Structure formats: structure tokens, C-alpha cells
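Report on the following structure.
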Amino acid sequence: MARAKALLAVSAGQSYHAAAQMAGQYAGDTVSQWVARFNREGLPALEPRHGGGPARQYAVAAQERILAEARRTPDRAEDGTATWSLTTLQRALRQAADGLPQVSTYTLWLTLRQANWSWQRGRTWCDTGKVKRKRKAGVVEVVDPDALAKKT
């Protein structure tokens, strides 16, 4: 949103400094870099990129694999548990033929949290914002559209 505001302000003829102030930035240098990137890449320049730190190791497919394994009910004999913890989930993913041999518990935690899952009192991971309620017509699943906003 701030990038778009700044780019629109510059295209309207304002200076980089004035556009930065409109976008909530301190320096006009940031806006000049945004303009240069927009001129090179076009509309994809409005999307923020990876902001530093170690490079992401796992793409969307690997994250989907983690979520698929977490959704699966563990088998007591095969997995050695009745509910998933980060360690048991890690062990299952590392031992699976199509699994992730180097996955860490932090990566699992981060992936589950980004998918709106949280650790519940029943010692298992659950998708938050969804609950089953008993109604006259039977059991229905109620989805809270503000679940993410309430957690932050």
C-alpha cells in the first residue's frame, strides 16, 4: 500500500521526499529505489520481496506436504503417537519416502502458524478459527472470519 501511494505521488509530480512522507517513510531514497524497481519490473514491483535473513529453504509444495502430514491422523503403531507434536511430526516427515529429510521443528512450527494452526490444550495442532457446534439440525462447522485478527 505504501509503495503504491509513493509511486502515485511521484507520478503526480511530487518530489521523492514528499512522496516518502505521504507513504509513511522517512527518506526519499527509499522511494527512488521503488520508482527504479517499478520502471524495471512493472506492477510486480509493488509486492514486497524477502526482507533479509536466511533464504527460504522450503517452497509452497514442501509447505503443503507439511500441512498434509499434520492433517493426517497419526497411527499409534507406525508413528508411535496418538497426537502430533513438533518432534513426532518431524520424525514422520524425515522418515517418509516423499518426506523432507532435513526439516527442523522451527520450520514446522512456522509453517503451521502461517496456516493459522495453533497448539491446543489437548496437546495437538488444530486449525484455529473453525469449531464444531451442536445445532437443532445437527453438528455444523462454524468459521470465524476474524480469527487471524484476534490472534495478532
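None of 76, 71 is among the basic types (Lys, Arg), assigned by TED's automatic domain parsing to the domain that holds residue 110 and under 26 Å from the mean Cα position of the chain (by Cα) except 71. Counting only helices (runs of 4 or more DSSP H) that sit wholly inside the stretch 20-79, not one has at least 3 residues that are polar (S, T, N, Q), at pLDDT below 85 and surrounded by 11 or more Cβ atoms within 10 Å (Cβ to Cβ).
The values are calculated or read from the model by the stated rules, or taken from the named source; none is laboratory data. The structure displayed is predicted, hence computed values, not measured ones. In this analysis, Cβ positions are derived from the backbone assuming ideal geometry, glycine residues included, and neighbour counts consider all displayed protein chains.
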